[in-house]
Amino acid sequence: MEEPKVWTYTMRRHMQEVVPGLYLGPYSAATRSKLQSLLDHGITHIICVRQDTEANFIKPNFPDKFKYLVLNIADTATENIIQHFHKVKTFIDEGLNSGGQVLVHSNASISRSAALVLAYVMETYGLSQTRAYAMVQQKRFCINPNEGFMAQLREYEPIYQAQKTLKNGQQSSVKQRTKRSIYQMDIE
């Protein structure tokens, strides 16, 4: 296993690879001066998280070079971030499954975008909120989602697990029906 890097304050200004192909970083990692770095890292998809009041200065800078998902999310404890988890997972999976790399950023990538990445890691790797947090924080030490987001992440754990169970159950019943149909064809 790779030795974790010693975290320095200046690393907050750069993106870090959290899991293979998925990066978390601040808005400054997606600005004009960082275009070459984005290309060098193979970034193809960017999730830009901002609130309405930030829209003039936190925006997609390269719509002709990257596929964007822009989300308007305020960094407040009462903001409903859980409603975005499915859309974010779908977008990240699309980027990774097409051979690309994905950057998720907000202004500082400490709270909002970190919460979105935590939800993705939880669901994708079947981790608890606590284990996902430890894993992501190992890569980007400065993450600190607000308490409302942390509560929603805890609430999300049984939700994604139930959806996974339901999905597996549906796939299993389709397999059973298919086996029965094949068996019936053999009898006839």
Check: C-alpha center the range 29-70 vs C-alpha center the range 89-147, spacing in Å is 17 Å
Put 111, 28 in order of accessible area, largest first, probe 1.4 Å, and you get 28, 111
Sorted on mean Cβ neighbours within 10 Å (highest first), peptides 40-49, 94-103 come out as 40-49, 94-103
Taking only protein heavy atoms and a 1.4 Å probe, the highest-to-lowest accessible-area order of 147, 157 is 147, 157
Taking the chain and counting helices only, DSSP H stretches of n ≥ 4 at -39,500 (n - 2.57) each over all residues, the nearest-500 ellipticity at 222 nm comes to -15000 deg cm²/dmol
Computed from the beta carbon distance with a Förster radius of 25 Å, FRET efficiency for residue 142 and residue 53 to the nearest 0.05 stands at 0.65
Residue-normalised value, i.e. accessible area per residue, for the range 13-147 at 1.4 Å probe, in Å², stands at 44 Å²
With Rh as the Kirkwood radius over Cα pairs, the chain has Rg/Rh of 1.08
With every protein chain in place, the accessible area of residue 110 for a 1.4 Å probe, in Å² rounded to the nearest 10, comes to 40 Å²
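What's the extension gain from residue 62 to residue 170 if we count 0.36 nm per residue and subtract their Cα-Cα distance? Display every interim value, and only then the final one.
On the way: separation 108, 0.36 × 108 = 38.88 nm, distance 4.06 nm.
Stretched out fully, the residue 62 to residue 170 stretch lengthens by 34.8 nm.
Which of the DSSP-defined H helices in the chain satisfy a minimum axial length of 18 Å, computed from C-alpha atoms, and a minimum mean Kyte-Doolittle hydropathy of 0.5? Display every interim value, and only then the final one.
On the way: long enough: 112-125 (20 Å, 0.80); 147-187 (61 Å, -1.11).
Helix filter hits for the chain: 112-125.
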Length gained, residue 70-residue 37, 0.36 nm per residue minus C-alpha separation, equals 9.8 nm
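The values are calculated or read from the model by the stated rules, or taken from the named source; none is laboratory data. Bear in mind the structure is a predicted one, so any value in this text is a computation, not a measurement. As a convention, Cβ positions derive from the backbone with ideal geometry for all residues, glycine included, and neighbour counts pool all protein chains shown. Side chains are part of the model used for accessible areas, which takes the heavy atoms of the whole protein and leaves out ligands, DNA and RNA. Shrake-Rupley method; radii C 1.70, N 1.55, O 1.52, S 1.80 Å.
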